[in-house]
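*Asks:* Mind having a look at this structure? Questions to follow.
Please treat every number below as a calculation from the coordinates, not as lab data. Note that the structure is predicted; figures quoted are calculated from it, not measured. Heads up, the Cβs are rebuilt from the backbone with ideal geometry, glycines too, and the neighbour counts pull from every protein chain shown.
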Amino acid sequence: MKLQLTTVTPLSYFKSLVETDANFPLLEAAASIAQDEEPALDIQDVLATADALLVRLKRRLKFESDPLKTLSVLNQFFYKELGFASNANNFYAPENSYLNEVLRSRRGIPISLAIIWLELAQALGLQAEGVSFPGHFLVKVTMPEGLIVMDPLTGDSLGLDNLAERLAPFRPHMGATGDMDTPLGLFLQPALPRDILTRMLRNLKEIFSSQADWSRLVLVLDRLIVLNPEAMYEVRDRGLALLELGQRQRAIEDLNRYLCEAPHAADAMVVKQRLTRLEK
């Protein structure tokens with residue numbers, strides 16, 4: 001009897017984590033993105049680092065049950081004592097999306113800091129959720145007294161006026177009209193873990209696209225396609241990146257798949273013409 005051994009790759013590991021939305025392991029899945037840079041990275045070590053922070057927090061809170069007090073202790077610990085903050089000097093560095101680096105340096109971007117903060121907040125029993133706000137990822141906590149919306153870079157609470165001001169630059173592109181409060185509320189809906197991870201990966205996609213770093217871009221697109229199999233534009237973009245890498249056959253397969261699954265896409269004719277030239 002022959003034993004068939006299956007090699008676990010960073011992508012297959014990621015796929016196993018995101019197959020279902022039930023009990024979606026956001027922190028673990030987000031941490032695994034860094035394996036594209038460090039394939040040997042032990043994700044359990046990253047999770048253990050977060051667990052150690054939680055142990056320290058729980059010791060401080062002991063039998064504290066007041067959500068407002070719990071939030072105050074969490075923010076004091078996370079932002080003041082540990083010093084988690086924006087990597088303002090290098091905001092667009094890919095490392096800001098690698099949680100092992102964020103936990104080490106305590107510097108990141110809104111969404112990476114939010115993922116770590118949410119892991120702690122939820123483990124403490126807070127009703128905390130991510131908010132995929134335009135331009136800047138936010139977090140919110142539902143309290144008995146009402147809703148608290150926060151900037152995950154600083155822990156600052158954001159009022160309605162501040163939120164409306166942050167949203168204003170994006171309104172012309174959304175066609176938002178009418179009462180200001182109603183549409184603002186729509187932008188504060190909780191983000192699903194899959195959506196949070198998608199936004200995090202698209203940040204990296206934008207960085208690597210702008211740098212013409214095609215090999216790293218393909219790795220990110222591989223994950224985006226696993227995460228959102230219906231997103232055919234990610235398949236198209238991977239095909240175009242593969243072309244830049246000279247991987248002609250794989251590019252043709254992706255572009256054919258795009259045309260097959262999205263035949264009425266606005267750019268279908270352009271992609272078809274390019275594909276015809278490739279297949280000659």
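*Asks:* Counting Lys and Arg as +1 and Asp and Glu as -1, each charge on the Cβ, what is the dipole of the chain about the Cα centre in debye, to the nearest 20?
*Replies:* 480 debye
*Asks:* While we're on this one: Over the chain, what is the relative contact order in whole percent, taking alpha-carbon pairs under 8 Å and six or more residues apart?
*Replies:* Relative contact order, the chain: 14 percent.
*Asks:* Nearest 500 deg cm²/dmol is fine: what mean residue ellipticity at 222 nm does the chain get from its DSSP H runs of n ≥ 4 alone, each adding -39,500 (n - 2.57), divided by its residue count?
*Replies:* -16500 deg cm²/dmol
*Asks:* Less than 12 Å Cβ to Cβ from Asp213, Lys/Arg counted +1 and Asp/Glu -1: what total charge do the surrounding residues give?
*Replies:* That sum, taken over residues with Cβ under 12 Å, equals -2.
*Asks:* A further question follows. For the chain, taking Cα atoms only, what is the radius of gyration to one decimal and the Dmax to the nearest whole Å?
*Replies:* Just the Cα atoms of the chain yield Rg and Dmax of 21.1, 71 Å.
*Asks:* Once all Cα-Cα distances of the range 230-279 are split into 10 Å bins that start at 0, what whole-number percent is in each one?
*Replies:* Spelled out bin by bin, the range 230-279 gives 30, 61, 9 percent.
*Asks:* Sticking with this structure for a sec: Between beta-carbons, use under 13 Å as the cut-off and find the net charge around Gln44, counting Lys and Arg +1, Asp and Glu -1.
*Replies:* So the environment of Gln44 carries a net charge of -4.
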